[in-house]
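Read-outs: derived from the displayed coordinates by stated rules, not from any lab. Just so you know, these numbers come straight off a predicted model, no measurement behind them. Quick reminder, even Gly has a Cβ in these numbers, built from the backbone with ideal geometry, and neighbours come from all protein chains shown.
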Amino acid sequence: MKMALILWGCFALLLCSCGKDITTVNGIVVDKVTGTPVADAYIEIKEYVDEDSPQPIKHMLRSRSDGNFTFSSRDRFSIWLINSGTSNYVQRYPKITLIEGQENEITIELLPLDCNLTLHIKNSTGNTNKAYFFLHNKTYSAQLFDGTSISATSYLFTNIPKLIERDSAFSQVNRLNSGEYTYIYFDTLPWTATHKLVLIDSVFLQKGDSLEYLIEF
C-alpha cells in the first residue's frame, strides 16, 4: 500500500509537470558599445522545479561563437547572472521578465571595460594604518545591477580597511569603462550612518587610457 501511494505521488507530480507549457529563452549576448556578439559568456539560470522549496536548480550555460544561447523548461526559471568570463566586460545581474509558456527573444548587452585606473595609496604620516576607499561610476553600477539595487551606488567597496603601515604603499589596478567620470572616495574612518567617505577627485578616461593616481595620508 505504501509503495502504491509513493508511485501515485510520482505519477501525479509527472502529470502536473507535463501539463505546463514550455518556456523558452532565445538570447544573444552583445557588446554594449559595438553591438558585436560576445562568445563564451557565462549565463547562470535558476530553475524553480519545486515551488515549495527556496533552493533552485542552477544551470550554467555559455554563449556560442555567435553570442547566442537557448534554455527551455516547463518550470519557472530566471536569468540570474551574465559574465563574459574575462575582465573585459562588466558582469550583470539582469532584470529580465520572461513570459511563461512562450518563446522569449532577448538581447543582453555587456559593458566593455576598456581603460585602467591604478590607485596608489601611500601612508606618509603614520597617524593611522587604516585606509578606506571606493570608486563610483554611474554606468558601471547601473549595468551591474540594472539599476535595481542600492548596492549599485558603488563598487570595489566593502567598508573593510586596507592596512598600510607608515612609508608603505598599496596599489590596485581597476578596469573601468570609458567615456564618463569615475569618482574617487577616500578616508581613514569607515563609512557609517553618521560619517561618509570624502569625495577627493573625479577622473574622465577615454578608451585605451591607463591612468596612475596617488593618494597620500
The FRET efficiency for THR97 and LYS196, from their Cβ-Cβ distance with R0 = 25 Å and rounded to 0.05, is 0.10
In whole Hz, with x marking every Gly and Pro, tabulate ³J(HN,Hα) for the stretch 117-131 from phi via Karplus 6.51 cos²θ - 1.76 cosθ + 1.60, θ = phi - 60°.
-> 10, 9, 8, 10, 10, 10, 8, 9, 9, x, 5, 8, 10, 9, 10
Quick calc: nm separation of the 7 Å Cα→Cβ label points for GLN172 and VAL33 -> 2.3 nm
Please list, in chain and number order, the residues 5+ apart from ASN104 or on another chain whose amide H is under 5 Å from its amide H, with Hs placed from the backbone.
-> THR24, VAL25, ASN26
Return the loop-located GluC sites (Glu not before Pro) in the stretch 32-100 (DSSP other than H, G, I, E, B) with at most 15 other Cβ atoms within 10 Å of their own Cβ; answer none if there are none.
-> GLU51, GLU100
Computed ³J(HN,Hα) along the stretch 36-48: with the Karplus parameters 6.51/-1.76/1.60, θ = phi - 60°, integer Hz and x for glycine or proline, the list is 6, x, 10, 7, 6, 6, 8, 10, 9, 10, 9, 10, 9
Among the lysines, which have Cα under 25 Å from the Cα of LYS130 when same-chain residues fewer than 8 positions away are ignored?
-> LYS122, LYS162, LYS196
Apply 1/(1 + (r/R0)^6) to the Cβ-Cβ distance of LEU211 and ASP40, taking R0 = 35 Å, and write down the FRET efficiency to the nearest 0.05.
-> 0.75
Net charge, VAL203 excluded, C-beta distance under 13 Å - Lys, Arg +1, Asp, Glu -1 | -4
Would you mind getting me the FRET efficiency between ASP52 and ILE22? Use the beta-carbon distance for r and R0 = 22 Å, nearest 0.05.
-> 0.55
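I want the local charge near ILE164. Using Cβ-Cβ distances under 13 Å, sum +1 for each Lys or Arg and -1 for each Asp or Glu among the other residues.
It works out to a net charge of +1.
Would you mind putting 207-217, 131-141, 61-71 in packing order, based on average other-beta-carbon counts within 10 Å, highest first?
Details: 207-217: 12.7, 131-141: 18.9, 61-71: 15.4.
Packing order, densest peptide first, comes out as 131-141, 61-71, 207-217.
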